[in-house]
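Coordinate-derived values only; no laboratory data. These figures come from a predicted structure and were not determined experimentally. Counting neighbours? That spans all protein chains shown, and the Cβs are built from the backbone with ideal geometry, glycine included.
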Amino acid sequence: MLNFELSPEQKALVDETRRFTREKIIPIAGEADKTHEFPLDVFKEAWELGFVGPNIPEEYGGAGMGEVDHVLLTEELAFGCTGIQTSMTANVLAATPILIAGNDAQKKKYLGLLTSEPVFAAYALTEPAAGSDAAGIQATCRKDGNDWIVNGSKCFITNAAWASWYIVFATVDPSLRHSGIMAFVIDRDAQGVSVGKTEDKLGQRASNTATVNFDDVRVPGDNVLAEEGHGFKLAMQTFDRTRPDIGAGACGLIRRGLEESIAYALERKTFGVPIAEHQMVQALIAEMGIKYEATRLLVHKSAWQIDQGGRNSLVASYSKAFGADSAMQVAIDAVQVFGGNGYMTEYPVEKLMRDAKILQIYEGTSQIQRMVIAKNLFAGVR
Ligand code: COS
């Protein structure tokens with residue numbers, strides 16, 4: 001059975017999120033971009049409405065939303081501003097390893113924190129010398145009685161400065177690569193945790209991105225999420241579940257670029273007619289429509305696969321790579337449709353171009369997605 005129709009509940013969710021985006025995000029997005037200030041009041045309102053961490057199960061206080069509903073919601077938030085949306089959805093990235101591998105006590109404590117008050121959590125994998133090569137992390141952990149001592153530095157961490165707790169990947173021995181990696185939940189207020197500099201970024205400037213340091217941090221054994229050799233797989237399983245959501249962010253950005261371009265093309269005149277009548281402009285806009293529809297289909301399929309359970313790396317990477325690359329192209333073309341005005345900050349599309357770039361980089365570059373895709377395709381044949 002195949003059905004592209006949204007259910008009445010999904011339509012209501014889209015309407016509600018769309019209204020929130022129009023009323024609360026779009027009016028302040030430009031200012032948040034300029035000042036680098038994440039709008040905490042908007043975050044709190046979104047949290048009240050259940051838009052933050054929506055896929056946390058009801059038994060831990062969440063909305064228990066399925067992944068298809070989740071990507072519908074993300075697309076709507078991203079239409080308003082992918083910077084604000086990234087910070088809102090980063091709680092899902094941090095919650096996912098706990099949902100996959102956490103025991104009941106860890107779920108109650110750490111997911112419960114996210115659902116009982118509007119706080120942040122962060123996922124700390126990347127290091128200065130280990131981005132794409134996630135198995136190359138250098139942060140270490142060593143056992144001390146029932147505790148673990150964690151040392152190292154994580155960079156480019158979304159919401160690092162705001163987070164109440166972190167998912168931290170560290171290794172018992174860097175030379176073991178992925179077979180030495182563990183995962184922990186570490187409280188922000190644990191002794192030895194410090195937040196470093198906040199990054200000054202090209203785009204998605206409303207979202208906080210910072211370094212976080214772990215200096216002889218004592219972590220109770222109860223906070224081990226993945227034992228030696230299981231941390232890397234947990235990181236990858238997490239991405240399988242969260243990369244479709246990056247595709248959903250791309251969907252929102254693409255739709256924004258498309259709608260802004262159509263509105264501008266109907267209004268702006270050259271050679272005595274609206275530019276919408278010029279075939280070359282029509283071609284740019286038609287491409288945007290194709291990219292929107294195709295990204296959305298991939299995102300919905302990859303989200304649906306998550307809801308069905310089982311391994312979904314292939315389509316997750318399709319949706320992430322195609323969505324991110326399409327968003328970048330659409331944003332560039334939207335600036336082109338706007339011409340000189342598109343290059344100016346008083347029009348909305350230059351921000352889309354700056355914001356889109358990171359979609360091709362975070363949670364695995366477009367090149368890494370192609371590695372995952374090729375590996376899965378060859379494995380299917382072998
Ligand atoms: N689910 C479960 N297990 C997985 C997996 C997945 N999706 N992907 C890989 N694994 C397992 C493999 O099966 C292998 O297990 P065995 O040793 O038991 O055979 C192990 O993990 C190592 O896998 P692989 O050899 O593929 O690892 P690589 O070091 O080659 O790395 C890539 C693979 C490049 C895909 C990985 O490092 C990656 O995704 N990098 C990008 C990281 C990233 O997204 N960073 C951005 C962070 S911003 S939040």
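To test your reading of the geometry: what angle, between 0 and 90 degrees and rounded to tens, separates the Cα axis of helix 366-381 from the longest principal axis of the chain?
80 degrees
In the neighborhood of ALA183, defined by Cβ-to-Cβ distances under 11 Å, what is the net charge if each Lys or Arg adds +1 and each Asp or Glu adds -1?
Cβ neighbours under 11 Å give a net charge of -1.
In units of 2.2 N^0.38 Å, what is the alpha-carbon radius of gyration of segment 121-229?
Cα-based Rg divided by the globular estimate yields 1.02.
Taking only the alpha carbons of segment 100-167, what extent do you get along each of the three principal axes, in Å, biggest first?
The principal-axis extents, from largest down, are 36, 32, 21 Å.
Under 8 Å for C-alpha pairs, at least 6 residues apart: give me the relative contact order for the chain, rounded to a whole percent.
16 percent
Using the alpha-carbon atoms, what tilt in degrees (0 to 90, nearest 10) does helix 231-267 show relative to the longest principal axis of the chain?
20 degrees
Using a basic spin-label model with each label point 7 Å from the Cα along Cα→Cβ, how many nm lie between LEU176 and ILE26?
Label-label distance for LEU176 and ILE26, simple model: 5.3 nm.
How long, wide and thick is segment 152-310, going by the Cα atoms along their three principal axes, in whole angstroms, largest first?
Principal-axis extents of the Cα atoms in segment 152-310, largest first: 71, 38, 27 Å.
Over the Cα atoms of segment 53-167, each weighted equally, I'd like the Debye log10 I(q)/I(0) at q = 0.15, 0.17 Å⁻¹, rounded to two decimals.
-0.76, -0.95
Arranged by the count of other C-beta atoms within 10 angstrom, fewest first, what order do ARG243, ARG296, ARG142 take?
ARG142, ARG296, ARG243
May I ask you to derive the relative contact order of segment 141-290, considering only C-alpha pairs under 8 Å and at least 6 residues apart, and to give it as an integer percent?
Relative contact order of segment 141-290: 24 percent.
Charges only on Cβ, +1 for Lys and Arg, -1 for Asp and Glu: so what's the dipole of the chain about the Cα centre, in debye to the nearest 20?
Dipole size: approximately 860 debye.
Measure nothing fancy, just the Cα-based angle from helix 82-101's long axis to the longest principal axis of the chain, in degrees from 0 to 90, nearest 10.
Helix 82-101 sits at roughly 40 degrees to that axis.
Considering only Cα-Cα distances, which of the following residue pairs are longer than 18 Å: LYS109/LYS143; LYS109/LYS197; LYS34/LYS201; LYS44/LYS107?
LYS109/LYS143; LYS109/LYS197; LYS44/LYS107
Give me the distance between the Cα centres of segment 19-61 and segment 278-345, rounded to whole Å.
23 Å
Enumerate the whole-percent occupancy of each 20 Å bin, from 0 to the last occupied one, for all C-alpha pair distances of the chain.
29, 57, 13, 1
How big is the Cα convex hull of segment 232-381 in projection, averaged over all directions, in nm²? Let's see the in-between values first.
On the way: hull surface 39.0 nm².
Answer in nm², one decimal: 9.8.
Would you compute, for the Cα atoms of segment 8-119, the largest minus smallest coordinate along each principal axis and list the three values in descending order, in whole Å?
That gives 41, 36, 19 Å along the principal axes, largest extent first.
Mind sorting HIS178, HIS70 by how few other Cβ atoms lie within 10 Å of their own Cβ, fewest first?
Details: HIS178 17, HIS70 26.
Sorted ascending by nearby Cβ count, the order is HIS178, HIS70.
Tell me, what ³J(HN,Hα) does each residue in segment 104-109 have, in order and in whole Hz, if you take phi through Karplus 6.51 cos²θ - 1.76 cosθ + 1.60 with θ = phi - 60° and put x for Gly and Pro?
Per residue, the Karplus-derived 3J(HN,Hα) values read 4, 5, 5, 5, 4, 6 Hz.
Among 73-83, 299-309, 268-278, 144-154, what's the highest-first ranking by average C-beta atoms within 10 angstrom per residue?
Ranking, from highest mean packing down: 73-83, 299-309, 144-154, 268-278.
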